[in-house]
1. Where residues in region 72-95 are of a type in the set (A, V, I, L, M), over 22 Å from the mean Cα position of the chain (by Cα) and buried (at least 16 other Cβ atoms within 10 Å of the Cβ), which of them is farthest from residue 132 (Cα to Cα)?
2. Would it be correct to say that residue 164 is modelled with pLDDT under 95, on the phi < 0 side of the Ramachandran plot, of a type outside the set (Lys, Arg) and in a helix (DSSP H, G or I)?
3. Mind counting the residues in region 167-184 that are at positive phi and modelled with pLDDT of 90 or more?
4. Within region 125-143, which residues are modelled with pLDDT under 95, of a type in the set (A, V, I, L, M) and surrounded by 17 or more Cβ atoms within 10 Å (Cβ to Cβ)?
Amino acid sequence: MHQRTAMTDEQTRRNGQAGQAGQTGHAGQDPQGAQEPRRPPGPRLPPPRRGADWMFGGVYGTVLASGLLAALDQAGGENTPFYDASWVLVTACAAALAHGYSHHMSSHQAGSAALRWRVLSRALWNEWPMIVATLPTVVLLLIAGLTHWDSHAVTAVGLGLNTALLFAWGSFVALRVGYRLGQALLIGLADATIGLAIIVANAVIK
């Protein structure tokens, strides 16, 4: 009798341990054994641009300013430097907004409306180097308006200035990402070639 009681107690103890092991092994599952679905991670804020990232935006903005400066200088047209300066700035802002919005849409993820607006705001803010890069051209046009410079002279000076800035941007970016000095200068020359191409195109077309 005592032997049967001991066997019954031992069997009960083993069954209890097996039940605890089963509960531990099925943690995170429902009673039917199905795993709970994991929620997809929400969108993350893009990091602010720094280093070479914002420098590339400067190259883009400088090329944009050169193209606008050459296009706004019409042969035989009225000299309107203040209008040209405002148009360069407005176009740069529109281009920056479009560029940032397209980046946001291409990496769109599910999330709350508030978080999506924060992600969009950060993406648009990251485009500020493009706008800043057009400011030398804008300032030059404002000075031209105050001093009554000839429009062709202003265009020539502006295109030359932006070509020099392209060389500086390209060389500086290359040095920051790890190129040697000689290679960085060659990359700067390659960027400056874009400015030279705009100068040649402006001379040929007009």
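1. The initial filter retains those residues of region 72-95 that are of a type in the set (A, V, I, L, M), namely 72, 75, 85, 88-90, 92, 94-95.
Next, only the ones that are over 22 Å from the mean Cα position of the chain (by Cα) stay: 72, 75, 85.
Okay, now just the ones that are also buried (at least 16 other Cβ atoms within 10 Å of the Cβ), so 72, 85.
Details: 72: 20, 85: 13 Å.
Residue satisfying both the conditions and the ranking: 72.
2. No; evaluated as a whole, the condition is false for this residue.
3. 0
4. 130, 131, 133, listed by residue number.
The values are calculated or read from the model by the stated rules, or taken from the named source; none is laboratory data. These numbers were taken from a predicted model, which means no experiment stands behind them. Counting neighbours? That spans all protein chains shown, and the Cβs are built from the backbone with ideal geometry, glycine included.
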